[in-house]
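S.K.: One structure, pasted below without further comment.
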Amino acid sequence: MGLLMARQAVSDYGPVQLLDVDELEPDDLIAPCGSVGAPTVSIEKIENGQEGGRLRRRLEEIWGRPVKALMSSEIGGSNGLMPIVWAAPLGLPVVDADCIGRAFPELQHSTLELAGISPTPGVMTDERGNLVEFRTQSGIWLERLARAATVAFGGSSSSSEYILSAGQAKAAAVLGSVSLAIQIGTIVGSAAEDPVQTLVRELPAERLVTGKVVDVERRTTEGFVRGSAVVEGLGADRGRTIRLEIQNENLVALEDGQVLASVPDLITVLDSDSAHAIATERLRYGQRVTVIGFACAPIWRTPAGLGLAGPRAFGYDFDYLPVEARADARA
């Protein structure tokens, strides 16, 4: 849905300029933005196109100065594209950065939280024109209250929080993440050989399994999609069974109780023929897939990063080990 909306916005209003943080003045205001809620809901409950303008107007009223650029709250999934959807009609540029370097399910899972930037004032809206302003003591409190509002809105909403200056973004955001996403797309689209093999080599990533999706269990509850998917190995991986644990995103990959990869590293399900990523809400029985794991942004491997978004932060009773280290241990 994010891709369709971005294409429509660019078709209607023209291309959106992509800027490095250094191209803005240090005091210029940047608004991170994206959708909150269960991805399964956002497939059917779509925006009406006015959300970005509504959020911008309220933020400018609060801060008393103009928003000069938008930035993705998370580069993963549709939220990597939502700034384009909103920036095109507003005539604003998009910053080549984001607040995570991947996707995470909760609002406090942000490098801006690690940097001590206040999550509020934050603003949330929906397609009906409802607007809620948050002023909370922490990112965790923002998550609790914003999630409750999202559920009241029907399971998805649009928001902007952790408003910051370009100078702050230079030190606190994950820089170059939009360019990296474009680079990954170019690698996949121009691969002269097997695109999955090419992507694994170029990222670099660890191939966890190639096989068939044989089971998907998914439930939408409390503003999240929770569940699991099981991939049964094919070819050289025949006889192997991998289970993916899901909370909006793939959190852990397990084989016979052994951890193959876990947050904060990325676990991505690819179509085995095209190497196109398959989001958790699009997983279906019978899909031929390759599951890969690759390194997160370095900030998430620090003690503070692991405390906020490591496996124990999601309730798993094991310590984090980098995906490449786990692969070396199995070799």
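S.K.: I'd like to know if the stretch 282-299 contains one or more residues that are of a type in the set (Gly, Ala, Ser), assigned to a loop (DSSP other than H, G, I, E, B), closer than 21 Å to Val216 by Cβ and in contact with a helix residue (DSSP H, G or I) (Cβ under 7 Å, 6 or more places away or on another chain).
M.R.: The first filter runs over the stretch 282-299 and keeps only residues of a type in the set (Gly, Ala, Ser), leaving 286, 293, 295, 297.
Filter once more, keeping what is assigned to a loop (DSSP other than H, G, I, E, B): 286, 295, 297.
If we keep only those that are closer than 21 Å to Val216 by Cβ as well, we get 286.
If we keep only those that are in contact with a helix residue (DSSP H, G or I) (Cβ under 7 Å, 6 or more places away or on another chain) as well, we get none.
Taking every residue of the stretch 282-299 in turn, none turns out to be of a type in the set (Gly, Ala, Ser), assigned to a loop (DSSP other than H, G, I, E, B), closer than 21 Å to Val216 by Cβ and in contact with a helix residue (DSSP H, G or I) (Cβ under 7 Å, 6 or more places away or on another chain).
S.K.: Output the residue which, of all residues in the stretch 30-55 that are in a loop (DSSP other than H, G, I, E, B) and within 20 Å of the chain's Cα centre (by Cα), is nearest to Asn130 (Cα to Cα).
M.R.: By that ranking, first place goes to Glu47.
S.K.: Okay, next question. As an exercise: evaluate Glu193 against (1) modelled with pLDDT under 95; (2) part of a helix (DSSP H, G or I); (3) more than 21 Å from the chain's Cα centre (by Cα) and give the number of the one condition it does not meet.
M.R.: (2)
S.K.: Every residue in the stretch 160-171 that is of a type in the set (A, V, I, L, M, F, W, C) and in contact with a Phe, Trp or Tyr (Cβ under 9 Å, 6 or more places away or on another chain), please.
M.R.: Hit for the stretch 160-171 is Ile163, nothing else.
S.K.: Something else now. Name the residues in the stretch 56-82 that are basic (Lys, Arg), within 16 Å of Val94 (Cα to Cα) and in a helix (DSSP H, G or I), would you?
M.R.: Answer for the stretch 56-82, where residues must be basic (Lys, Arg), within 16 Å of Val94 (Cα to Cα) and in a helix (DSSP H, G or I): just Arg56.
S.K.: Same structure again: In the stretch 249-304, which residues are of a type in the set (Ser, Thr, Tyr) and modelled with pLDDT of 95 or more? It would help to see each step written out before you state the result.
M.R.: Looking only at the stretch 249-304, we keep the residues that are of a type in the set (Ser, Thr, Tyr), and these are 262, 268, 272, 274, 280, 285, 290, 302.
Once the filter is applied, which keeps residues that are of a type in the set (Ser, Thr, Tyr) and modelled with pLDDT of 95 or more, the stretch 249-304 yields Ser262, Thr268, Ser272, Ser274, Tyr285, Thr290, Thr302.
S.K.: Restricting to the stretch 128-150, name every residue that is part of a helix (DSSP H, G or I) and crowded, with 17+ Cβ neighbours inside 10 Å.
M.R.: Gly139, Leu142, Glu143, Leu145, Ala146, Arg147, Ala149, Thr150
S.K.: Identify the residue in the stretch 151-180 that is out of contact with any Cys (no Cβ under 7 Å at 6 or more places or on another chain), assigned to a loop (DSSP other than H, G, I, E, B) and not β-branched (Val, Ile, Thr) and, among all such residues, is nearest to Pro121 (Cα to Cα).
M.R.: The qualifying residue nearest to Pro121 (Cα to Cα) is Glu161.
S.K.: Moving on to the next point. Among the listed residues Asp22, Asp27, Asp12, which satisfies the condition of being part of a helix (DSSP H, G or I), within 20 Å of Ile163 (Cα to Cα) and at pLDDT 95 or above?
M.R.: Checking each option against the conditions leaves just Asp22.
S.K.: Same structure, new question: For the stretch 10-35, name all the residues that are closer than 23 Å to Thr125 by Cα and exposed (fewer than 13 other Cβ atoms within 10 Å of the Cβ).
M.R.: The one that is closer than 23 Å to Thr125 by Cα and exposed (fewer than 13 other Cβ atoms within 10 Å of the Cβ): Asp12.
S.K.: Here is a follow-up. From the list Val263, Val225, Val213, exactly one residue is out of contact with any helix residue (DSSP H, G or I) (no Cβ under 7 Å at 6 or more places or on another chain), crowded, with 18+ Cβ neighbours inside 10 Å and either of a type outside the set (Gly, Ala, Ser) or more than 15 Å from Pro105 (Cβ to Cβ) (or both). Which is it?
M.R.: Going through Val263, Val225, Val213 in turn, the sole match is Val213.
Listed here are the residues, each with its yes/no results for (1) part of a helix (DSSP H, G or I); (2) over 18 Å from the mean Cα position of the chain (by Cα); (3) without any contact (Cβ under 8 Å) to a residue 40 or more places away in the chain.
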| site | (1), (2), (3) |
| --- | --- |
| Ile182 | yes, no, yes |
| Gly185 | yes, no, yes |
| Leu208 | no, yes, no |
| Val213 | no, yes, no |
| Val231 | no, yes, no |
| Ala236 | yes, yes, yes |
| Gly239 | no, yes, yes |
| Leu251 | no, no, no |
| Val269 | no, no, no |
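The values are calculated or read from the model by the stated rules, or taken from the named source; none is laboratory data. From a predicted model like this one, the values you see are computed outputs, not experimental measurements. Cβ: placed from backbone, ideal geometry, glycine included. Neighbour counts: every protein chain shown.
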